[in-house]
């Protein structure tokens, strides 16, 4: 399959990066020479949506946009992805202006696995944007909530925390970036 020049991939990624996040994001790298990663709910102020009520709960949003972007950058480096192959941007998925700022020539990859993700497909299309829809099942039942609980309950033993996170589906290559952010936040 020949690659297209560019694609966007989006998500809240709280926290990045468990196996299902990576399987989704990696589809972008497999399909395009350049991936623009759009981090949704970047400033934790997106409008409420009943189809995704968890998105606005502060407990479900422990990491800032900058922290998530940093973790992705560290992860991509660990995965051998060159910096010129991607860009990371904030994206308020509930803001028409954010959609208007997207390049209509660049397709948007969306994985559909819930009512909320189906609504996202409609939102991109309603704004005249091309969508490449994935119906990719999750390879492992990973819970972002469970990962956040493990991080919050951490006793400071980094080896134990790392093993618990990986056991829950967190990408091993993402652990160093997460630990750096947690240390900066004074959680480790």
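In the set 112, 131, only one residue is closer than 15 Å to residue 10 by Cβ, in contact with a strand residue (DSSP E or B) (Cβ under 8 Å, 6 or more places away or on another chain) and modelled with pLDDT under 95; that residue is 112. Does residue 20 satisfy the condition of being buried (at least 19 other Cβ atoms within 10 Å of the Cβ), touching a residue at least 40 places away in the same chain (Cβ under 8 Å) and under 13 Å from the mean Cα position of the chain (by Cα)? Yes, satisfied.
For region 150-164, does any single residue satisfy the condition of being in contact with a helix residue (DSSP H, G or I) (Cβ under 6 Å, 6 or more places away or on another chain) and in contact (Cβ under 8 Å) with a residue 60 or more places away in the chain? There is no residue in region 150-164 that is in contact with a helix residue (DSSP H, G or I) (Cβ under 6 Å, 6 or more places away or on another chain) and in contact (Cβ under 8 Å) with a residue 60 or more places away in the chain. Scanning region 62-91 for residues that are within 14 Å of the chain's Cα centre (by Cα), in a loop (DSSP other than H, G, I, E, B) and surrounded by fewer than 19 Cβ atoms within 10 Å (Cβ to Cβ) turns up 62, 64.
Being outside any helix (DSSP H, G or I) and at pLDDT below 85 is the filter; apply it to region 16-54 and report the residue that is nearest to residue 102 (Cα to Cα). Ranking the candidates gives 46 first.
The values are calculated or read from the model by the stated rules, or taken from the named source; none is laboratory data. None of these values were measured; they are calculated from a predicted model. Every residue, glycine as well, gets a Cβ built from its backbone with ideal geometry; the counts of neighbours run over all protein chains shown.
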